[in-house]
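Following: one structure in structure tokens, then a few remarks.
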């Protein structure tokens, strides 16, 4: 009964808000970035593009996010960072709204652009919670952004959204892949970036007592791994998923093997996609970031020691996920060591496969995704 009352209250309040928003005049020169899981990814990339091109001289920009305090020291013209709850109020006057994580459940106004950028090309299947949330005839967005026609169908199903309102522009975050990055990481011959998806997360409703963070290796294996990497003069940076539980885990900062939580990564003022541009190779598992990395056509490896379990519990949004992964397969420590050795010797057997997958995964292979997204809603330099 209590849950019913709460849901009825929320539905009534947001229905009234939607009615009010339909009657409201929205400022076409005001931009709202909203995120309830950190100011990062595509919203941050699009914001960076706006600042780099001095569009904040023309537009008023409000960034409403749960981690806004990290950015309040930024002194930028016409830019304000606020708590995510203020985003609800700012929504009523913003002519252009951009989401990446979360959304405001209020229907767009007549002259309001509400764009769902999302945070990657779908590889993993949508969670049950997400599908239940989106099974509605209410269209909380006016546009959804995709990387290619291949992913339009998936996003349409995920969001119960008409295909004709899903636009292929590319991911704004991918623009940074084409920039030269030179983070000072010390001496190394090759740099490998390891990006595992989350294995357990209390935020996603998983058992928070589990402390499995990485596939293949246990915590007591890290010193041996670091010694191996030192011999080859290779550095591996592991950047954990933002929702990965790390409460029962000791983070590692060895000389050649560096394991960073999302918070530590942010503290070091590192940008994931600039680091990707610097890396010679990538290791991942079920994260869709490799679709982005294909734009650089550099070696990729996929850890698959728990693929049967992951497939049965979460699943994939593509029918033949194995054919979508153009790279070395890692199921054991020996496989892992072999891939690292191949990177050092520059052995690469998957160049053609990567190009083939990239041809349907990424329509655009340039650094103009942010420009296309903004042009879509009438924002230009």
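Structure notes:
- Exposure proxy shown here: for 7, 298, 173, the number of other Cβ atoms within 10 Å sets the order, fewest to most, as 7, 298, 173.
- The stretch 147-199 and the stretch 261-284 have Cα centres spaced 13 Å apart.
- With 0.36 nm allotted per residue and the present C-alpha distance subtracted, the residue 110-residue 380 stretch has 95.1 nm of extension available.
- On the basis of the beta-carbon distance and an R0 of 56 Å, residue 12 and residue 331 show a calculated FRET efficiency of 0.60.
- Between the C-alpha center of the stretch 7-27 and that of the stretch 43-64 there is a gap of 27 Å.
- Taking 0.36 nm per residue of sequence separation and removing the Cα-Cα distance, the residue 353/residue 372 pair yields an extension gain of 4.1 nm.
- Between the stretch 94-118 and the stretch 318-351, the alpha-carbon center distance in angstrom: 39 Å
- Here the gap between residue 338 and residue 3, fully extended at 0.36 nm per residue and compared with their Cα-Cα distance, gives a gain of 115.3 nm.
Just so you know, all these numbers are worked out from the coordinates, no wet-lab data involved. Please read all numbers here as calculations on a predicted model, not as lab measurements. So basically every Cβ, Gly included, is an ideal-geometry build from the backbone, and we count neighbours across all protein chains shown.
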